[in-house]
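What follows is a short report on a single structure.
The values are calculated or read from the model by the stated rules, or taken from the named source; none is laboratory data. Keep in mind the model is a prediction, meaning the values are calculated, not measured. Ligands, DNA and RNA are excluded from the accessible area calculation, which covers all protein heavy atoms including side chains. Shrake-Rupley method; radii C 1.70, N 1.55, O 1.52, S 1.80 Å.
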Amino acid sequence: LTHAVLKRLKERQLEGLLHAVESRGGARTPCLLLPAKADSWLGQHWYPLPMLLCKVFRWPDLRHCSEVKRLCCCETYSKAHPELVCCNPHHLSRLCELESPPPPYSRYPMDFLKPNGE
């Protein structure tokens, strides 16, 4: 699937993707705008193109597109491009997951610090 997607890219787009991947996000790289409706089916699973390229070039264990968020450096951050989507893997950031749930809410969190008898 990745090979099929990369074959559809123009030379200039491939150069931009190569620069983004080689710099590992350390250099300012342009958006890699691709058609949002491009086919990216693998068996019975459909992968959004940004997620597919993030999975290949950054996070192989990425499971769902809700695990990433677009960075403000991306030109498409605040603009709606219904026909085009940025697929530069370094224009996305992975959201952190909590290892354990947060502690229960306590109205008086410092009560446990008071010595007994007060």
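Binning the C-alpha pair distances of the stretch 1-83 at 5 Å intervals from 0 yields a P(r) profile of 3, 13, 22, 28, 23, 9, 1, 0 %, listed from the shortest bin outward.
In this structure the amide hydrogen of Val85, modeled in the peptide plane, comes within under 5 Å of the amide hydrogens of Leu34, Ala36, none closer than 5 places in sequence on its chain.
Would you work out what percent of the accessible area of the stretch 1-83, with all protein chains in place, is carbon or sulfur (probe 1.4 Å)?
On the way: 3270 of 5950 Å².
Whole-percent figure for carbon plus sulfur exposure: 55.
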